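Just below is one structure, and these are the notes that go with it.
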Amino acid sequence: MCGIVGYIGDKDCADVLVDSLEKLEYRGYDSAGIAVIEKGIIKVEKCKGRLANLKDKMVLEGKPCGGCGIGHTRWATHGEPSDINSHPHGNKRVTIVHNGIIENYRQIKEFLISEGYSFVSETDTETVAKLMDYYYTGDPIETITKVVAEVKGSYALGILFRDFPDRIYAVRKDSPLIVGVGENENFLASDVPAIMKYTRDYILLEQNEIAVVKREGVKVYNTHRELLNKEVYTADWDVDAAEKGGFEHFMLKEIHEQPTAVSTTIMPRISDNMPDFTVEGFDAKKLAAYKHIFIVACGTAMHAGMVGKYVIEKLARMPVVVDIASEFRYRDPLIAENDLMIVISQSGETADTKAALELAKSRGADTLAIVNVKGSSIAREADMVVYTHAGPEISVASTKAYMVQVAIMYLIAFEVAYGRGQITKEECERLTREMAHMPEVIEEAMCLKEQCQYAASKLLNADSLLYIGRGLDYALSMEGSLKLKEISYIHSESYAAGELKHGTISLITENMPVIAVVTQKGLEEKTISNIKEVKARGAMVVLIAAKNIELEDGVADIVIRLPEGDELLTPMVAAVPLQLLAYYTSVLKGNDVDKPRNLAKSVTVE
Ligand code: F6R
């Protein structure tokens, strides 16, 4: 949800800002803009649309020259995507870029209008910029302190004061912000990949800390103006991880990175063929002692939680509630002490997931976060953290982050089941060994590319699709359906196969293809009956089936056979063709695969 950057140093500031914004476009791409201090004047260039538009504009009209500036890539919340609503906002004296939502901006705006201010945009951000000007005393820290005391909501702000052309100010609350630390140059960014080309060292800003970023160094203060001693972190990601590396799209690259991502995520959590989360602060005994387990997340991460529910309930015989974070936080959930809340989040910044976590904590539950981004808000707030090691995920449609979340859910399920005495040590060891073997099986699934490409070519003209499955396959088909709709823009739904007859089957015609997933023995006959029912009503069926499932000839129009793996773990393998199917459908439709319309990667507003 919007990306912000800042730079001060000897390089051409506009170039660095644009370069850094390119790495943050996954956070929104409704408009882009920069502000650079040129000979003591704050110069702004901004326009609607992708960063490429801004680049073209600056080629035609010239770019601002200077060594100190801020930049923004927008995911529109208040005010449509337009030149005028693009950031930066402000006036000649104070100019800002903002990521977040100011909840009381209307009241502030009314007040400022009564004080003689006028507004050009519909954004909440412009009110903050003008409030900053209103409170300006010649002392930026005092000014920022007054402003943050008044605004409600979430914000990460990069601020330029004309009177202080040798520095950038920054402050955040509930939206992420880091300060990149270089040699004689320093940076500001919403996320680490933006600065990786220049430095790996960074400082994480905490709630309402104010950073003063100068060429020669960075100082961070609290709102009482006390200088803080901040830890400098070093990113351990490979610089190339944020580049496409020869693949046409980040999504395809990230699908291919899954075997490695799973391996680097699970191997540190396996010792002597058993799951081992002692470093993360829990073990089988601790997990088994909880009364209830809640899994809460959004979107794809919630779908990983659904797989977790099925596996934990199946193996550990313990009820698990999976909830969408935006529902959980407002439905007064029955969570209490002695319960465990597992939150799953790639970014670690999703506003609803974070609020759900806070709610669970306030009710006395223990919280465990499965997070990909180190030092993110959710990781810092949870009692226990399992970091997934997917590396940076740039494509808006999540693939490798989902896969590693699912892998961790399986290991946790083995651990709970063993702790509750529902599986023997031998069975737990066997399952864990099978999991250790999964990266190879997932790798084998990459060879399904051509079949998926062919199947995708048959889906292109559909107006709507159905995904069906039972049990774990149903959990998985939820993710398959989301992936397809978010990047191909074809409407799709996932249905528990047994539910079709209760209404949905009336939608089936020859224009509604059905994607069926069958990996679980014992349920295969039931789902195959459902496949026959939809086929009899004209649907074109693509069937993704495990190798050991017996199929009659002609049961489906296209059959994609999965490589052999343990049955319980096969949904991880089946995720690959589902991702590829979505990917190729989007490519064949000519869509922007990595940046689907209306979406942003990190949803830091509710
Ligand atoms: C879809 C997708 C989203 C995210 C969701 C939660 O491909 O990526 O549905 O899973 O927005 O994001 P995180 O995991 O960052 O909390």
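The values are calculated or read from the model by the stated rules, or taken from the named source; none is laboratory data. Quick caveat: nothing in here was measured; it's all calculated off a predicted structure. Cβ placement follows ideal geometry from the backbone for every residue including glycine, while neighbour counts extend to all protein chains displayed. Heavy atoms of the whole protein, side chains included, go into the accessibility calculation; ligands, DNA and RNA do not. Shrake-Rupley method; radii C 1.70, N 1.55, O 1.52, S 1.80 Å.
Below is a table of values for the structure above.
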quantity: Region 119-174, accessible area per residue, ligands and nucleic acids excluded (1.4 Å, Å²); calculated: 30 Å²
quantity: Between region 49-82 and region 84-113, the Cα center-to-center distance that results, in Å; calculated: 17 Å
quantity: Spin-label proximity, Ser82 to region 102-133 - amide N less than 11 Å from point 7 Å beyond Cα toward beta carbon; calculated: 120-123
quantity: For region 41-51, Karplus couplings with θ = phi - 60° (6.51, -1.76, 1.60), whole Hz, Gly/Pro x; calculated: 10, 7, 9, 10, 10, 7, 6, 5, x, 5, 4
quantity: Percent accessible area from carbon and sulfur atoms, region 484-575, protein chains only, probe 1.4 Å; calculated: 46 percent
quantity: Nearest-ten-degree value, helix 524-536 long axis tilted from longest Cα axis of the chain; calculated: 80 degrees
quantity: Förster radius 30 Å - calculated FRET efficiency between Glu103 and His502, Cβ distance, rounded to 0.05; calculated: 0.15
quantity: Dipole axis of the chain (+1 Lys, Arg; -1 Asp, Glu on Cβ), positive-most option in Ile113, Val404, Tyr583; calculated: Ile113
quantity: Region 311-426 - accessible surface per residue (Å², probe 1.4 Å); calculated: 31 Å²
quantity: Student exercise, the chain dipole from Lys, Arg, Asp, Glu Cβ charges, in Debye to nearest 20; calculated: 840 debye
quantity: Folded to 0 to 90 degrees: helix 13-22 orientation relative to the chain principal axis, Cα; calculated: 20 degrees
quantity: Antiparallel bridges, percent of DSSP beta bridges restricted to the chain (to nearest 5); calculated: 60 percent
quantity: The chain: C-alpha pair distances exceeding 33 Å, %; calculated: 47 percent
quantity: Computed helical MRE - 222 nm, the chain, DSSP H runs ≥ 4 contributing -39500 (n - 2.57), nearest 500; calculated: -11000 deg cm²/dmol
quantity: Candidate lysines - alpha carbon under 29 Å from Lys501, same-chain residues fewer than 8 apart omitted; calculated: Lys309, Lys314, Lys458, Lys483, Lys485, Lys521, Lys526, Lys532, Lys535, Lys547
quantity: Region 3-243 - percent of accessible surface contributed by carbon and sulfur, probe 1.4 Å; calculated: 47 percent
quantity: Kirkwood-based Rg to Rh ratio, region 251-423, C-alpha trace; calculated: 0.94
quantity: Pair Lys291, Glu444: separation of 7 Å Cα→Cβ label points (nm); calculated: 4.5 nm
quantity: Exposure of Phe250 as accessible area (Å², to 10), given a probe of 1.4 Å and all protein chains; calculated: 30 Å²
quantity: Virtual spin-label span in nm between Phe119 and Arg162, 7 Å along Cα→Cβ; calculated: 2.2 nm
quantity: Neighbour net charge for Leu578 - beta-carbon separation under 10 angstrom, K R +1, D E -1; calculated: 0
quantity: Simple label model, 7 Å out from Cα along Cβ direction - Glu427 to Asp553, nm; calculated: 4.1 nm
quantity: Rounded to 5, percent antiparallel among DSSP beta bridges of region 251-423; calculated: 10 percent
quantity: Length-normalised contact order of the chain in % [C-alpha pairs under 8 Å, at least 6 apart]; calculated: 12 percent
quantity: For region 440-481 and region 570-606, distance of Cα centres in Å; calculated: 12 Å
quantity: 16 Å cut-off, amide nitrogen to a point 7 angstrom out along Arg93 Cα→Cβ, residues in region 136-163; calculated: 136-147, 160-163
quantity: Portion, in percent, of the accessible area of region 251-423 that falls on carbon or sulfur, probe 1.4 Å; calculated: 51 percent
quantity: Solvent-accessible heavy-atom area per residue, rounded to whole Å², over region 447-588 at 1.4 Å; calculated: 37 Å²
quantity: Under the Karplus curve 6.51 cos²θ - 1.76 cosθ + 1.60, θ = phi - 60°, whole-Hz ³J(HN,Hα) for region 408-420, x wherever Gly or Pro sits; calculated: 5, 4, 4, 4, 5, 4, 4, 5, 5, 4, 5, x, 8
quantity: FRET efficiency estimate (nearest 0.05) - Cβ-Cβ, Leu599 to Asp332, R0 30 angstrom; calculated: 0.50
quantity: Nearest-0.05 FRET efficiency for Glu606 and Thr509, computed from C-beta distance (R0 41 Å); calculated: 0.65
